[in-house]
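Remarks on the structure that follows.
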Amino acid sequence: MQGLANPNLKLRRAKEHLDALQREVNIFIASKAYEISRRDDLDTGEHIITIKFEVPPIWPIGAVLGDFLCCLRSSLDHLIFGLASITKMEHRGTEFPICGEYTDTTESRIAGATRGLPEGAVSIVKLFQPYNAGSAYKMNLLWILNRLWDVDKHRHLALHSGMLRIDIPILPKELWPVEEILDDCGVMRFPAAAKPYLNLEPTPVVNVLFGDDDTKTIITLSGLVRTYELVSEKIIPRFASYFPQSEKIL
């Protein structure tokens, strides 16, 4: 009989991939994959800071990310399949549905994916649906997980970007920079009078953003950690009472 053992196996593997992803991101950040240069433009009277940031590698970061998404998303489907096994229902179409917008077909879709499950279990499924966030459903971690998982099934999930933040001191408004992207570099153009205020050795804060431009779906590494915690600590444990005691722990 299926039970919580199978989703827990998927969760365990997802955690291994998440740990590996964190290690690879830390290696990338430690490599100082950025270059900061600055110069005075005597023609324009500006002090210009240029920031060039390397693109995070698809391998291994992108590949490990895909494995993490697959295992974490699969743990939810294993959960519902396990519940259906207990009720002896037909498994065709059984899954943990994730619905963004609430439409005329939402109830029927959830009913089809969870048919035969106890009413209380179906209520829990509905409780965690992204549509409960209204128009902000695209910010929901479960919705992001589902979208990125769907993208990764068909093509390499691109690392959306690298982010390099440099803290600059509080400046008078007239000394604020003009910012732009030029030749894939970030450029800050300060009035020359701002130069004495600027740290000659700024301490950058590096982050890697994961996502997909086509679906406008972006998430940080800390967001992926929160997504894992949501599934492993808040969603799956809510269903434990529906399984025999022997099926709850791997």
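Any read-out appearing in this document is the output of simple, stated calculations on the displayed coordinates, not a laboratory observation. Here the structure is a predicted model, which means the values were calculated and not measured. Glycine gets a Cβ as well: all are built from the backbone with ideal geometry, and neighbour counts include every protein chain shown.
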Worksheet item: To the nearest 0.05, what FRET efficiency results for Val225 and Ala193 with a Förster distance of 30 Å applied to their C-beta separation?
Response: 0.10
Discussion item. Suppose every Lys and Arg Cβ carries +1 and every Asp and Glu Cβ carries -1, with no other charges. What dipole size does the chain come out with about its Cα centre, to the nearest 20 debye?
Written reply: 1080
Worksheet item: Looking at this model, which pairs from Lys15/Lys153; Lys10/Lys153; Lys10/Lys32; Lys138/Lys234; Lys173/Lys195 are more than 25 angstrom apart at the alpha-carbon?
Response: Lys10/Lys32
Worksheet item: Helix 141-154 versus the longest principal axis of the chain: what angle, 0 to 90°, nearest 10, using Cα atoms?
Response: 90
Response to the item:
The local net charge around Thr50, scoring Lys/Arg +1 and Asp/Glu -1 for residues other than Thr50 whose Cβ lies under 13 Å from its Cβ, equals -4
Item to complete: Please sort 98-111, 7-20 by packing, taking for each peptide the average over its residues of neighbouring beta carbons within 10 angstrom, highest first.
Response: 7-20, 98-111
Worksheet entry | Spherically averaged projected area of region 96-194 from its Cα convex hull (nm²) | 11.1
Worksheet entry | Computed label-point distance, nm, for sites Thr215 and Ser37 using a 7 Å Cα→Cβ extension | 3.8
Worksheet entry | Translational diffusion of region 5-247, µm² s⁻¹ [Kirkwood Rh, Cα pairs; Stokes-Einstein; 25 °C; 0.890 mPa s] | 118
